[in-house]
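The values are calculated or read from the model by the stated rules, or taken from the named source; none is laboratory data. Computed from a predicted model, the values in this text were never measured in an experiment. Positions of Cβ are generated from backbone atoms using ideal geometry, with glycine treated the same way; all protein chains shown enter the neighbour counts. The protein model used for the area step is the full one, side chains on, heavy atoms only, and it has no ligands, DNA or RNA in it. Shrake-Rupley method; radii C 1.70, N 1.55, O 1.52, S 1.80 Å.
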Amino acid sequence: MHLEKSMKASDSDLVITRENYQFRKVFTMSSEQKDFKPFVSADTTMRELSPFSIIVGILLAVVFGAANAYLGLKIGMTISASIPAAVISMGLIRVILHRDSILENNMVQTIGSAGESVAAGAIFTLPAIFMWANDGKTSYPSFALIAVICMVGGVLGVLFMVPLRNALIVQEHGTLPYPEGTACAEVLQAGEEGGSNAKTVFSGLGLAAGFKFLADGLKIFPSEITYDFKNYKGAGIGMDTLPSLLGVGFICGPKISSYMLTGGLLGWLVLMPLIYVFGGKQTIYPGSDPISTMAAAAIWKNYIKYIGAGAVACGGIISLIKSLPMMIKAFSGSMKGYGSKVGASIRTNKDMPAKALVIGIVIVALLIWLLPIFPVGLGGTILIVIFAFFFVTVSARMVGIVGSSNNPVSGMTIATLLIVTAILKATGNIGMKGMTGAIIIASIICIASAIAGDTSQDLKTGYIIGATPWKQQVGEIIGVLTSSLAIGGTLYLLNSGMGYGSQELPAPQAELMKMVVEGVMKGNLPWALIFAGIFIGLVVEIMGIPVMPFAVGLYLPIYISLPMMVGGLIRLFVDKKKGMTEEERKAANNRGILYSSGLIAGEGLVGILLAAFAAAKLNIDLSSSFSLGSIGSLILFALLAVSLLRMVMKKEDKHEEK
């Protein structure tokens with residue numbers, strides 16, 4: 001979920017992005033565009049779209065796509081894969097091939113980051129169909145269906161972005177900063193540190209993988225610790241002692257982590273005790289048991305989730321409304337330079353041929369129209385293409401102004417769902433057929449918007465370092481196609497092993513999209529709870545607090561917010577520590593973010609492995625014969641936090657840097 005931030009992904013999406021990496025501004029005035037010279041000159045030939053970059057990029061697209069799918073389904077947020085992919089590539093090229101190639105490294109991160117964006121778009125919508133299938137209301141989506149949806153959305157996102165590159169990336173170089181793309185370019189230019197940075201990512205990955213396997217695989221200690229207050233009925237506290245949450249908290253920083261914790265505290269220590277007091281022995285919809293018999297987790301599941309969903313929806317809509325003037329300006333500004341070919345004869349300014357773009361878009365449109373999996377005719381196909389074109393255009397420009405973190409993809413998806421569901425209902429496409437159709441259409445738009453933002457940042461990175469645009473665009477499509485083939489397996493494994501909508505894997509964004517569709521189609525939601533959440537969100541907005549992180553904290557169990565706050569406090573310590581120069585502080589934060597990225601990736605990969613074990617009915621639980629208990633879990637989590645702090649405060653080894 002793309003925060004002011006992070007996550008997948010957009011304050012509306014809560015996507016954790018490269019914006020969190022410290023970087024210096026490389027331009028301040030639009031006049032610099034005329035004098036700009038890339039790091040690699042246009043007349044220099046280097047390895048770029050090589051077999052190595054394609055193979056490693058595809059592997060990282062699948063790996064980070066899978067890890068982000070797990071993370072996004074767990075907490076509604078994703079992290080950017082670009083910088084971790086870049087530093088891993090730099091390390092591998094040095095170790096295996098004993099060479100340096102900044103353009104080759106850039107291609108790896110371009111392909112690799114596409115997997116993260118496809119995963120972000122997919123997990124925000126498609127698990128809704130799985131949840132309906134889990135309830136026996138419809139059939140599970142096939143691997144082919146998931147792959148086609150992701151491919152269609154991803155390819156549209158790339159193809160619609162290509163004609164905008166010259167206008168947005170080149171002609172407005174000094175006007176649109178594209179903060180995340182600039183940050184990644186700086187990491188690539190500082191490639192001398194690649195080997196050390198790659199070790200940082202891998203050390204976090206290995207430690208988190210082992211921790212997750214011991215906790216949720218062998219179950220030697222619990223990964224979730226809970227406590228219900230005995231003299232304050234209805235209230236509860238607890239934390240998930242997981243590496244990914246510690247890492248996410250560090251990347252988000254103390255502000256976002258504290259906003260999320262505040263939402264959790266309101267839900268678990270204020271609203272839930274009030275529900276217990278006033279509910280008493282009554283059974284109140286949507287609950288099926290007397291409230292007095294419910295534990296804290298049950299009150300959260302039956303009531304607070306709906307209040308939180310209302311607050312999240314409110315945050316997404318507020319973000320969309322606040323962005324409307326900028327969206328209109330972005331669209332009109334983008335259209336002025338659409339298809340511009342200034343300097344197209346130069347290597348660093350060559351895009352994919354216009355004929356290829358037109359053919360590609362027509363093929364995608366024909367697939368949407370002709371394939372029976374898409375519940376639309378010719379008119380609906382044209383509407384989908386127009387929606388995708390508009391939101392891709394808006395997304396491509398907006399991320400250049402406010403960064404991917406504040407790109408309201410979630411708000412755009414909610415708006416699309418409301419319109420599409422209403423149209424389907426009005427045309428007689430009701431029931432499960434209409435609801436799954438709405439989710440499928442919204443998935444295409446969501447994925448296209450997410451990919452457009454990622455492509456824009458990658459092309460900005462390429463412009464700064466001197467990459468070849470058409471090769472990057474081909475790399476984006478390669479990343480989209482390969483990760484689309486893999487995401488279906490990931491979604492099936494996670495649902496089989498844990499179940500979407502469960503406390504273990506709540507899938508918050510997809511749950512929200514599901515509720516929106518059901519609300520329009522059936523109108524049978526607990527609207528009082530949802531409207532309470534909406535007005536809580538409005539109050540928070542009036543107070544000047546970012547609604548989305550607060551709302552997500554209210555929507556998710558407090559067990560997730562607490563360990564994130566630990567990571568946020570470590571980031572705060574670094575930001576406030578006296579006696580550090582700005583360069584030292586920047587280096588410390590970069591080490592922490594790379595190590596945190598490893599923590600997230602390591603846990604995500606083992607989480608998918610354990611889901612596969614569960615689906616195969618393979619039991620490796622050792623808790624009956626040996627367990628460290630809750631105290632042991634807290635001690636090990638504390639040691640994990642210490643390892644992050646030590647990595648952040650580690651003194652640079654000058655010899656290692658060289």
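How far, in nm, would the chain grow between A356 and I321 when pulled straight, counting 0.36 nm per residue and subtracting the alpha carbon separation?
Difference between extended and current length: 9.0 nm.
Would you work out what percent of the accessible area of the chain, with all protein chains in place, is carbon or sulfur (probe 1.4 Å)?
Solvent-exposed carbon and sulfur of the chain make up 66 percent of the total.
Quote the charge dipole size of the range 458-550 about the Cα centre in Debye, to the nearest 20; the model charges only the Cβ of Lys and Arg (+1) and of Asp and Glu (-1).
160
What figure, in Å² to the nearest 10, do you get for the accessible area of W369 with a 1.4 Å probe and non-protein molecules left out?
Rounded to the nearest 10, that gives 110 Å².
Considering only P563, I608, A641, whose Cα is most displaced toward the positive end of the charge dipole of the chain, charges sitting on Cβ of Lys, Arg (+1) and Asp, Glu (-1)?
Of the options given, the answer is P563.
Determine, for each peptide in 557-568, 91-102, the mean count of other beta carbons within 10 angstrom over its residues, then list the peptides with the highest first.
557-568, 91-102
I'd like to compare 598-604, 586-592, 424-430, 278-284: which one has the highest average count of other Cβ atoms within 10 Å, and what's the full order after that?
Result, highest mean first: 598-604, 586-592, 424-430, 278-284.
Let me make sure I get this right: for the chain, a, b and c are the square roots of the gyration tensor eigenvalues over alpha carbons, sorted descending. Under 1.5 in a/c it's rounded, otherwise prolate if a/b > b/c, else oblate. Which is it?
In terms of gyration-tensor shape, oblate.
Sort the range 196-275 into rounded, prolate or oblate with this rule: let a ≥ b ≥ c be the square roots of the eigenvalues of the Cα gyration tensor; rounded if a/c is under 1.5, and if a/c is not under 1.5, prolate when a/b is larger than b/c, oblate otherwise.
Oblate shape, in that a/c is at least 1.5 and b/c is the bigger or equal ratio.
In terms of the Cα gyration tensor, with a ≥ b ≥ c the square roots of its eigenvalues, is the range 91-172 rounded because a/c is under 1.5, prolate because a/b exceeds b/c, or oblate?
Oblate.
Please report, in debye to the nearest 20, how large the charge dipole of the chain is about its Cα centre when each Lys and Arg carries +1 at its beta carbon and each Asp and Glu carries -1 there.
Here the size comes out at about 400 debye.
With a cut-off of 15 Å, note down the residues of the range 197-231 whose backbone N falls inside the zone around a label point 7 Å from the Cα of S624 toward its beta carbon.
218-220
I need to check one value: relative contact order of the range 428-584, counting alpha carbon pairs closer than 8 Å and at least 6 residues apart, in percent.
18
Work out the charge dipole of the chain with +1 on the Cβ of Lys and Arg and -1 on the Cβ of Asp and Glu about the Cα centre, then indicate which of N68, I444, N105 is farthest towards its positive end.
Selected residue: I444.
Once label points are set 7 Å from the Cα along Cα→Cβ at both A42 and T283, what is their separation, rounded to one decimal in nm?
For A42 paired with T283, the spin-label model returns 7.4 nm.
If packing is taken as the mean number of other Cβ atoms within 10 Å per residue, what is the order of 352-363, 157-168, highest first?
Packing order, densest peptide first, comes out as 157-168, 352-363.
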